[in-house]
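Student: Attaching a single structure in structure tokens format; questions to follow.
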Amino acid sequence: MNEAKRSGVLDLTEDLREIARLAVQPGGVDELLGRALEYLEPVIPYDLAAVLELHDDHLRVRCARGRLASDRVRAHEISLAAFPSVRRAIETRSAGVLLEHDHAVGEGDPYDGVLDLPHGHSCMVVPLFAGDRTLGAMTFDRRVCGRYEPAIVNLAGICGQLLALAMAAAEQAAVLDRLRVGLQEHNEILRNEAREHSAAALLEQSKSAAMHRVLRLARQVAVTDTPVLIQGETGSGKEVLAEAIHEWSARCARPFLKLNCAAIPEQLVESELFGHTKGAFSGATQARAGRFVTANGGTLLLDEVGEMPLGAQVKLLRVLQDGTFEPVGSDHTVRVNVRVIAATNVELEDAIGSGRFRQDLFYRLHVFPITVPPLRERRDDIALIATAFLQDLSRRFRRTALVVPADGMRRLIEYDWPGNVRELLNVLERAAILCPPDRLSVDIEPLQQRAARKDSTDSLSSLEELERRHIEHVLEHTGGRIYGAGGAAEILKLKPSTLQSRMAKLGIVRPARQP
């Protein structure tokens, strides 16, 4: 016991600091109450001090201290209907004393039947409340007859308010702790599920020798900050590989963001990447942070980078060189630390030749190129991808696990997949939707129809076949050149990326460019 307690003076600074410490410790409510009663004993003498919690119209003892505290006291319950003076103290939120008249001929003592206390003994009730909540009451009793002095009653009322606030804080801390534990458990479940379905985990299950070579390169570059250029046909899995590189890097705990440069109007690409100030252009009603700021410390995937406007290319080159840029409409330089991965399904050399892509940016991105093989060159992965995707669909559709029958799997493996993995997933999802609820095997009939059209020798060509022949004829005419004046895209009046997508879908292989 400190000097203040030995002298009979309540050291509010020290004692209330300790009460506050206990209030924010989960599970410390009972210790908080016991300690608080012990701290009050030097200035509010008692043989029994108790904290009672309010439950409907009853007060139940939660904590008791003093020579009269016992198991019977700790199990005691007080009905407010039977003790109007106690109810009045709680309702008026004012500490009060029970007088000798109350004990002798009035309502009696709250501990009648539990303690044998003389009529006229010192007895006090202190309400406990925090804000609009009534938590309960404190009671103080002594065997000696007399009243608690008004100064002691006032002090007890003040201490009761402080204790009630500490109790409320302790309850809040306990709730927050339960939420914290629950959130930790939920996050662990999500982390486990994420590990099971992460891009890296999916790619690591590959059985294809071609993909193993790609993954070896990806792992080697992942531990660096070097820009990566991922090339490959539409739907071949370039985005999945980019995510895997991020997961294998030291930046894995930081954001992974992506931007499809062909999906955003040309005039807004700079704003999306680098942000803008309020009023920078029509419609910019407030400032906005771009993808580079949001991805700071992490990785940014620029998909279809060949479609990026030249103005944005200049800024991107600067970010790659020194990590700085100015938001649209601002002269304030922003510095970021972002790892850039670019992806393209077109030949950037063609775009350079037509003046649509900067040669210096190409060399900056082309430090470490990786080409993702098309699905037809890694048929060993088709069954793996199909099985994993159907399991995911079964969970999403809340159905028993769907499977591909043996003949269906054979057709999946034999098909050339011009749309690559994306086309495979679309076929499987459509088959799963059409599969009756009472069946587990999905029908690959749409795929069978495609193969039949492909192998048909019927002289009546489909519109798709006519389109294929027309594009092939134009490519032969341009010597395989797609971009620029006189290129196939210009002749066909298509965007180069759109033409590339159509070629991939139709299975068109571009002829070698003529010297």
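Just so it is clear, none of the values below were taken in a lab; they were calculated from the coordinates. Please read all numbers here as calculations on a predicted model, not as lab measurements. Heads up, the Cβs are rebuilt from the backbone with ideal geometry, glycines too, and the neighbour counts pull from every protein chain shown.
Student: When all C-alpha to C-alpha distances in the stretch 460-515 are sorted into bins of 5 Å, what percent of pairs does each bin hold, rounded to whole numbers?
Tutor: 4, 22, 32, 27, 10, 4, 1, 0
Student: So for each of 31-40, 326-335, 213-222 I average, over its residues, the number of other beta carbons within 10 Å; can you give me the resulting order with the highest mean first?
Tutor: Result, highest mean Cβ count within 10 Å first: 31-40, 213-222, 326-335.
Student: What size of dipole, in debye to the nearest 20, comes out for the stretch 199-373 about its Cα centre when the only charges are +1 on Lys and Arg C-beta atoms and -1 on Asp and Glu C-beta atoms?
Tutor: Working: 18 positive and 19 negative charges, 107 e Å.
Result for the stretch 199-373 is approximately 520 debye, rounded to the nearest 20.
Student: About the Cα centre, and with charges only on the beta carbon of Lys, Arg (+1) and Asp, Glu (-1), how big is the dipole of the stretch 264-333? Nearest 20 debye, please.
Tutor: Numbers: 5 positive and 9 negative charges, 53 e Å.
Computed charge dipole of the stretch 264-333: roughly 260 debye.
Student: Among the DSSP beta bridges whose two residues both lie in the stretch 199-373, what percent are antiparallel, rounded to the nearest 5?
Tutor: Working: 3 of 20 bridges.
In the stretch 199-373, DSSP labels about 15 percent of beta bridges as antiparallel.
Student: Would you please state which residues of the stretch 246-273 a label at V314 would reach in this model, taking the label point 7 Å out along Cα→Cβ and a backbone N cut-off of under 20 Å?
Tutor: From the stretch 246-273, the list is 265-273.
Student: Next question, about the same structure. What's the FRET efficiency of A151 with R60 using the Cβ-Cβ distance as r and R₀ = 35 Å, to the nearest 0.05? Mind showing how you got there, number by number?
Tutor: On the way: r = 30 Å, r/R0 = 0.85.
Computed FRET efficiency for A151 and R60 comes out at 0.70.
Student: What FRET efficiency, computed as 1/(1 + (r/R0)^6) with R0 = 35 Å and r the Cβ-Cβ distance, is obtained for A81 and Q286, rounded to the nearest 0.05?
Tutor: With a Förster radius of 35 Å, E is 0.05.
Student: Could you sort 264-273, 53-62 so that the peptide with the highest average Cβ count within 10 Å comes first and the rest follow in order? Provide the component values of the computation, followed by the final result.
Tutor: Numbers: 264-273: 18.1, 53-62: 15.3.
With the highest mean Cβ count within 10 Å placed first, the list reads 264-273, 53-62.
Student: Could you give the nm distance between label points at E326 and E476, where each point is 7 Å from its Cα heading toward the beta carbon?
Tutor: Placing both labels 7 Å along Cα→Cβ, they lie 5.3 nm apart.
Student: So for each of 291-301, 422-432, 168-178 I average, over its residues, the number of other beta carbons within 10 Å; can you give me the resulting order with the highest mean first?
Tutor: Answer by packing, highest mean first, reads 291-301, 422-432, 168-178.
Student: Let me ask something additional. Expressed as a whole number of Å, what is the distance separating the alpha-carbon centroids of the stretch 358-391 and the stretch 30-77?
Tutor: If you average the Cα positions of each part, the centres end up 71 Å apart.
Student: Quick one: 3J(HN,Hα) in Hz for the stretch 264-276, Karplus 6.51/-1.76/1.60 with θ = phi - 60°, rounded, Gly and Pro as x.
Tutor: 10, x, 3, 6, 9, 4, 4, 4, 4, 7, 10, x, 8
Student: Something else: Could you give the length gained by full extension between R399 and D132, i.e. 0.36 nm per residue of separation minus their alpha carbon distance, to one decimal place?
Tutor: Difference between extended and current length: 91.2 nm.
Student: With each label point set 7 Å from Cα along the Cα-Cβ vector, what nm distance links E171 and T498?
Tutor: 6.5 nm
Student: Farthest toward the dipole's positive end in the stretch 460-515, which of A485, A504, H473, given Cβ charges of +1 (Lys, Arg) and -1 (Asp, Glu) about the Cα centre?
Tutor: A485
Student: Right, something else. Defining a contact as two alpha carbons under 8 Å apart and six or more residues distant in sequence, what relative contact order in percent does the stretch 199-373 show?
Tutor: The value is 32 percent.
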